[in-house]
Amino acid sequence: MDFDRIPKTHAGSHEDFDYYVREEAKFYHFVDDFNLVGTHWGEPQLISAGYFLRLLMEGSSARAHYRQDTWWSETDEHSEAFRKYYTPLLDHGAMWRQSNGGVICSAMPYGEEEEIVAAFLEMVREFQYPDSIKMQFLDDAYRFRPNGDCMIIIYYDASQEEFDPNLSERELRQKAIRHSAPGRYRSSSSGSFVRDQYVKEYAKRRAHGVCQLCDQPAPFVDRNGRPYLEAHHVIWLDEGGDDSIDNVVALCPNCHRKMHHLNLDEDVQKLLQVARSAG
Ligand SMILES: [Zn+2]
Ligand SMILES: [Zn+2]
């Protein structure tokens, strides 16, 4: 699936943009809060249910398969599978590419919330989607066009995945990038923020045993023989920080205490730079 790059400002030269975006401030609020960099308007109603799932789970690198082995000649990019979900769930839909390569789907369906939830659950059941595929109602502050009765997103909740501790640094990095996400829709149903294990583990692994604030080696090794460091969110989650690799660093216990007691601006700036440049 090709994603059009989202213009930084409303340039006026994009036909699709003019057609779909009626309230620019709300649109950019949505774009910023969900780290969106690309859009594909008008989907997913024509793609196959399998391709939709792969896009959500694998991100924008997921490729369409062009098999023609079914009697109705369905391909991944042309399918009737979502037809019945169009009005109750996927109306005014769009697919979005996030800066970390993840893909989410938004839509503005018509109906009562219970009807929309019921349509989503039916879709999940019909296509046997895993529990990690979630739907959420969004605040009206994001609703950039007047259509539909509400705005929803459908997304893959990576925090549901079981953690595999035996990954190479490269595999771990890929996982951590995909698991990095804006804090907003990662708060669990209990209200506390979800801290993703891949993000945390990768932050520690890339520090190579050295505290990223005082630049001293970890004070001891743990039971598994690994340097002991603690993962820390530079911008705290409850202050709107993201659970993403560009906001998480590895600190020795002393420096970790220091950040939670003092949170000096110069230290915050240093750590943000470290997190963002380490990739
Ligand atoms: Zn330290
Ligand atoms: Zn911390």
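The values are calculated or read from the model by the stated rules, or taken from the named source; none is laboratory data. Model, not experiment: these values are computed from the prediction. No Cβ is skipped: glycine too gets one built from the backbone with ideal geometry, and neighbour counts run over all protein chains shown. Heavy atoms of the whole protein, side chains included, go into the accessibility calculation; ligands, DNA and RNA do not. Shrake-Rupley method; radii C 1.70, N 1.55, O 1.52, S 1.80 Å.
Exactly one of these conditions fails for Ala231: (1) of a type in the set (Gly, Ala, Ser); (2) within 16 Å of ligand 1 (Cβ to nearest atom); (3) crowded, with 21+ Cβ neighbours inside 10 Å. Give me its number.
Answer for Ala231: the failing condition is (3).
Applying the selection to region 82-101, what residues are open to solvent by 20 Å² or more (accessible area, probe 1.4 Å) and touching an Asp or Glu at 6+ places or on another chain (Cβ under 7 Å)?
Pro88
Tally time: how many residues in region 132-170 are closer than 20 Å to Met95 by Cα and assigned to a loop (DSSP other than H, G, I, E, B)?
The qualifying residues number 11.
Just name the residue that is surrounded by the fewest Cβ atoms within 10 Å (Cβ to Cβ) out of those in region 22-51 that are over 16 Å from Ile152 (Cα atoms) and among the hydrophobic types (A, V, I, L, M, F, W, C).
Here the answer is Ala25.
Hey, can you tell me all the residues within region 102-138 that are open to solvent by less than 10 Å² (accessible area, probe 1.4 Å) and out of contact with any Leu (no Cβ under 9 Å at 6 or more places or on another chain)?
Met108 - this is the single residue of region 102-138 that is open to solvent by less than 10 Å² (accessible area, probe 1.4 Å) and out of contact with any Leu (no Cβ under 9 Å at 6 or more places or on another chain).
Within region 159-179, restricting attention to residues that are small (Gly, Ala, Ser) and at pLDDT 75 or above, which residue is most open to solvent (accessible area, probe 1.4 Å)?
Ser168
In region 234-248, which residue that is farther than 18 Å from Asn100 by Cα and either modelled with pLDDT of 95 or more or of a type in the set (Val, Ile, Thr) (or both) is farthest from ligand 1 (Cβ to nearest atom)?
It comes out as Ile235.
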